[in-house]
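Visitor: Dropping the structure in here first, questions after.
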Amino acid sequence: MANHSATRKSVRKNAKRNERNRYQGKTTRNSIRDFKIIDTKAAAIESLPGLTSKIDKLAKRGLIHKNKAANLKSKLTRGIQSLAK
């Protein structure tokens, strides 16, 4: 355990940030899972901007790499094209 007060504070901050990052990552993964279940093109097009925003925020905060974010958005967009109207 940390002996200095600054180090104790650092441990608390890291724990809080870790919890927040895990929550955001899990929420985005759940949103992607729910998006893949959508079977109508109109509903998919409607929910895509919100999902891409979440993915971009993860990349901006450094939780995922920017190329991974681009690949995810590309795959999701291509998936919309294969849906029936």
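The values are calculated or read from the model by the stated rules, or taken from the named source; none is laboratory data. Since we're looking at a predicted model, the values are computed, not measured. The protein model used for the area step is the full one, side chains on, heavy atoms only, and it has no ligands, DNA or RNA in it. Shrake-Rupley method; radii C 1.70, N 1.55, O 1.52, S 1.80 Å.
Visitor: Can you give the helix-only mean residue ellipticity at 222 nm for the chain, where every DSSP H stretch with n ≥ 4 adds -39500 (n - 2.57) and the sum goes over all residues, rounded to the nearest 500 deg cm²/dmol?
Guide: -28500 deg cm²/dmol
Visitor: Additional query: Would you mind telling me the share, in percent, of accessible area of the chain contributed by carbon and sulfur at probe 1.4 angstrom?
Guide: Using a 1.4 Å probe with all protein chains present, the chain comes out at 51 percent carbon and sulfur.
Visitor: Please work out how much length the chain gains when fully extended from SER31 to SER82, using 0.36 nm per residue of separation minus the C-alpha to C-alpha distance, in nm with one decimal.
Guide: The span from SER31 to SER82 would gain 16.4 nm if fully extended.
Visitor: On to the next question. So how tilted is helix 5-37 from the main axis of the chain? Cα-based, degrees 0 to 90, rounded to 10.
Guide: Taking the Cα atoms of the chain, the angle to 5-37 is about 10 degrees.
Visitor: Same structure, new question: Considering only protein heavy atoms, what per residue accessible area in square angstrom results for the chain with a 1.4 angstrom probe?
Guide: 78
Visitor: I'd like the orientation of helix 66-81 relative to the chain: the angle between its Cα long axis and the longest Cα principal axis, in ° from 0 to 90, rounded to 10.
Guide: 20
Visitor: A follow-up question, please. Relative to the present Cα-Cα distance, how much length would full extension add between ALA2 and LYS73 at 0.36 nm per residue of separation?
Guide: Length difference between fully extended and current span is 21.4 nm.
Visitor: How about LYS73: which lysines have a C-alpha closer than 22 Å to its C-alpha, ignoring those fewer than 8 places off in the same chain?
Guide: Of all the lysines, those that pass the test against LYS73 - Cα under 22 Å, at least 8 places apart if same chain - are LYS26, LYS36, LYS41, LYS54, LYS57, LYS60, LYS85.
Visitor: Write down the Kirkwood hydrodynamic radius of the chain, to one decimal in angstroms, obtained as one divided by the mean of 1/r over all alpha carbon pairs.
Guide: 14.7
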